[in-house]
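Quick notes on the structure that follows.
No value in this document is a laboratory result; all are computed from the given coordinates. Since the structure is predicted, the reported quantities are computational estimates derived from the model, not experimental observations. We place every Cβ from the backbone using ideal geometry, glycine too, and count neighbours over all the protein chains shown.
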Amino acid sequence: MELTGWKGGLYRYGNWAMKLACLNLLWLSGILIGVGAAGMFPSTVAMFSVVRKWNQSGDLDLPLISYFKKEYQREFLKSNLYGYAWVAIGLILYADLHFFRGIPSLTGILFTFFFFLLGVIYLAALLFAFPVYVQYELGIFQYIRNAVYIALSNPLYSILMALGLYFPYYLMMKIPGLLPFFGGSLITLPLMLLSLRLFELIEKKNKE
């Protein structure tokens, strides 16, 4: 018998919370299996893939462990190349910004502003990095290019994505006990759902 009313709502929210907690534990396990450095990106890709699948099918009864494991193994190498490409870009931008901040001249100020602006664009694009990866089949640099393009061409969604990252983060900083159970999955959920909505709008616009 299906529950209705407040009992049904409570059950659905409880089910979501349980699934997100299980997903977060799988994410942490994937990171540990990859000894951190090699496990972070395939585990994160697998987590975003699960949330995408939940949204597509509308079914929370997805065989979570087997699906996560399949995505983790399938994307292990490519996701690491992709993730560390983002890390390399970030380090280059940070080094350039730090270098020009140390030059006390107009040229230094102009280049500092330039690299600061690139840094903002980088952070905005980074919000879309994993949603783009799990949504499309592209090459490494095509993923990065598309993430940058989407962030720049949809500033409102970039702001919403930033808020979707900030509010769960703020909640978990206020209630640290949530971190082991929702530290990754509670951030992934709004980022993936907002991205999927944007991808639908982009595809619809391209067909017109």
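The C-alpha atoms of the chain define a longest principal axis, and helix 76-101 lies at about 40 degrees to it. Two numbers describe the Cα atoms of the range 81-140: Rg and Dmax, which are 14.2, 45 Å. If R0 is taken as 30 Å, the Cβ-Cβ distance between residue 193 and residue 98 corresponds to a FRET efficiency of 0.25.
Taking R0 as 41 Å, what FRET efficiency do you get between residue 84 and residue 13 from their Cβ-Cβ distance, rounded to the nearest 0.05?
Working: r = 37 Å, r/R0 = 0.90.
So the FRET efficiency works out to roughly 0.65.
Which trypsin sites (Lys or Arg not before Pro) does the range 127-208 hold that lie in a coil by DSSP with at most 16 other beta carbons within 10 Å? In loop regions of the range 127-208 (DSSP not H, G, I, E or B), there are no sparsely surrounded trypsin sites (Lys or Arg not before Pro).
Rounded to the nearest whole Hz, the Karplus-based 3J(HN,Hα) values (6.51 cos²θ - 1.76 cosθ + 1.60, θ = phi - 60°) of the range 36-49 follow the sequence x, 4, 8, x, 4, 6, x, 5, 5, 4, 4, 5, 5, 5, with x at glycine and proline. The long axis of helix 155-174 is offset from the longest Cα principal axis of the chain by roughly 70 degrees. Of the GluC sites (Glu not before Pro) found in the range 70-178, those in coil by DSSP whose Cβ has at most 15 other Cβ atoms within 10 Å are 137. Amide H contacts under 5 Å for residue 138: none, restricted to partners 5 or more places along the chain or on a different chain, H placed in the peptide plane at 1.01 Å from N.
With both labels modelled 7 Å from their Cα along Cα-to-Cβ, the residue 173 to residue 77 distance reads 4.0 nm. Here the simple spin-label model places points 7 Å from the Cα toward Cβ, and for residue 137 and residue 120 these points are separated by 3.8 nm. Out of every Cα-Cα pair that the chain contains, those further apart than 29 angstrom amount to 31 percent.
A Förster distance of 35 Å, applied to the separation of the beta-carbon atoms of residue 57 and residue 207, puts the FRET efficiency at 0.90.
For the range 1-146, with only Lys/Arg (+1) and Asp/Glu (-1) charged at the beta-carbon, what is the dipole magnitude about the Cα centre, in debye rounded to 20? Before the final figure, lay out each step's value.
On the way: 11 positive and 7 negative charges, 21 e Å.
I would put it at about 100 debye.
For a straight C-alpha distance cut-off of 24 angstrom, the lysines reachable from residue 69 (same-chain residues fewer than eight places away being disregarded) are 19, 53, 78. Compared with the dominant principal axis of the Cα atoms in the chain, helix 5-33 is inclined by about 50°. Can you give me the Cα centroid spacing of the range 129-176 and the range 17-40 in angstrom? The range 129-176 and the range 17-40 have Cα centres separated by 19 Å.
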